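Asks: One structure coming up, written as structure tokens, with questions to follow.
Derivation of every value follows stated rules applied to the coordinates shown; laboratory data play no part. Source: prediction; values computed, not measured. Please note: Cβ atoms are built from the backbone with ideal geometry, for glycine as well, and neighbour counts cover all protein chains shown.
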């Protein structure tokens, strides 16, 4: 074998070796991402199951209803504590990645959110609660499948979603003081649409393969985002049904 042929042989082997390394690296990254996805949806399932059981307890227990009604200040205190945890979880990534602090914060947030959902459902028509839960499940399942299968990258629209969310918050604050029924219906419809986009957005950043991707270290943040999306969707739908009474 002459010198030139020998170089070609070595270069060929090096290319094959590099391709195999790239394939192995890609396979490892895929397995890590799949493990991350399973962890996120596993935590999310526990959160939703706890919230469902707690809400059912609130709806069936008259003594608990009376306690909630007599201590309405707890409802607003819970909202304040929730806002504090949301700021900590989103703005301080080190906290959301630190075990066991991240699990503790997520557990407290789930309990607080369950109290709010239980409070609202306790004084709602059980038929509306059931209908809202079914619609939430169907919409969430459909949007999740869409987020996985579509080639459209919703993660590029993060700024637009943030602006729309700010506008929605402004309408919510305005209607909190003036209580305009038609505006309430518009807010609910608008909120359902925005939350639907957030479900697709958050699902895509968790699944990966788009412009914006959440780190595999942020499994608590991933489940936190999807949980708040699903609960918000349920509450908007339920509020829309309640507005008919």
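Asks: Report the extension gain between residue 108 and residue 138 in nm, rounded to one decimal, defined as 0.36 nm multiplied by the number of residues separating them, less their alpha carbon distance. Write down the numbers at each step before the final one.
Replies: Working: separation 30, 0.36 × 30 = 10.80 nm, distance 2.74 nm.
Residue separation times 0.36 nm, minus the Cα-Cα distance, leaves 8.1 nm.
Asks: Under a plain spin-label model, where a point goes 7 Å from the Cα along Cα-to-Cβ, how far apart in nm are residue 243 and residue 163?
Replies: Each label point lies 7 Å from its Cα, and together they span 2.4 nm.
Asks: List the equivalent ellipsoid semi-axes of region 114-245 in whole Å, largest first, each obtained as the square root of 5λ for an eigenvalue λ of the Cα gyration tensor. Please report the intermediate quantities before stating the final value.
Replies: On the way: eigenvalues 150, 59, 35 Å².
Semi-axes (√(5λ), whole Å): 27, 17, 13.
Asks: Just to verify a number: FRET efficiency for residue 84 and residue 173, C-beta to C-beta distance, R0 = 25 Å, to 0.05?
Replies: Given R0 = 25 Å and the Cβ-Cβ separation, E is 0.85.
Asks: So how tilted is helix 158-178 from the main axis of the chain? Cα-based, degrees 0 to 90, rounded to 10.
Replies: Orientation of helix 158-178: about 10 degrees from the principal axis.
Asks: What is the gain in length, in nm to one decimal, between residue 27 and residue 183 on full extension, counting 0.36 nm per residue of separation less the C-alpha to C-alpha distance? Present the calculation step by step, with values, prior to reporting the outcome.
Replies: Details: separation 156, 0.36 × 156 = 56.16 nm, distance 5.09 nm.
Length difference between fully extended and current span is 51.1 nm.
Asks: Now, a different point. Based solely on its DSSP helices, what 222 nm [θ] is calculated for the chain when runs of n ≥ 4 H residues each add -39,500 (n - 2.57) and the sum is averaged over all residues, nearest 500 deg cm²/dmol? Mind dumping the intermediate values first?
Replies: Numbers: 9 runs with 208 residues, N = 245.
Calculated from helices alone, the mean residue ellipticity at 222 nm is -30000 deg cm²/dmol.
Asks: Hey, another quick one. Using the count of nearby Cβ atoms within 10 Å as a rough guide to exposure, how do 84, 171, 109 rank from fewest to most?
Replies: Numbers: 84 13, 171 16, 109 21.
The order, fewest Cβ neighbours first, is 84, 171, 109.
Asks: Relative to the longest principal Cα axis of the chain, at what angle does helix 126-149 sit, 0 to 90 degrees, rounded to 10?
Replies: 20 degrees
Asks: What's the exposure ranking of 101, 32, 220, going from fewest to most Cβ atoms within 10 Å?
Replies: On the way: 101 14, 32 11, 220 22.
Final ranking by Cβ density, sparse to dense: 32, 101, 220.
Asks: Now for a separate question. On each of the three principal axes of the Cα atoms of region 40-133, give max minus min coordinate, whole Å, ordered largest first.
Replies: Answer, in whole Å and largest first: 41, 29, 19 Å.
Asks: Same structure, new question: Relative to the longest principal axis of the chain, what angle (0 to 90°, nearest 10) does the C-alpha long axis of helix 73-91 take?
Replies: 10 degrees
Asks: Quantify how much of the Cα-Cα distance distribution of the chain extends past 33 Å, in percent. Show your work: numbers first, answer last.
Replies: On the way: 8640 of 29890 pairs.
Percent of Cα pairs beyond 33 Å in the chain: 29.
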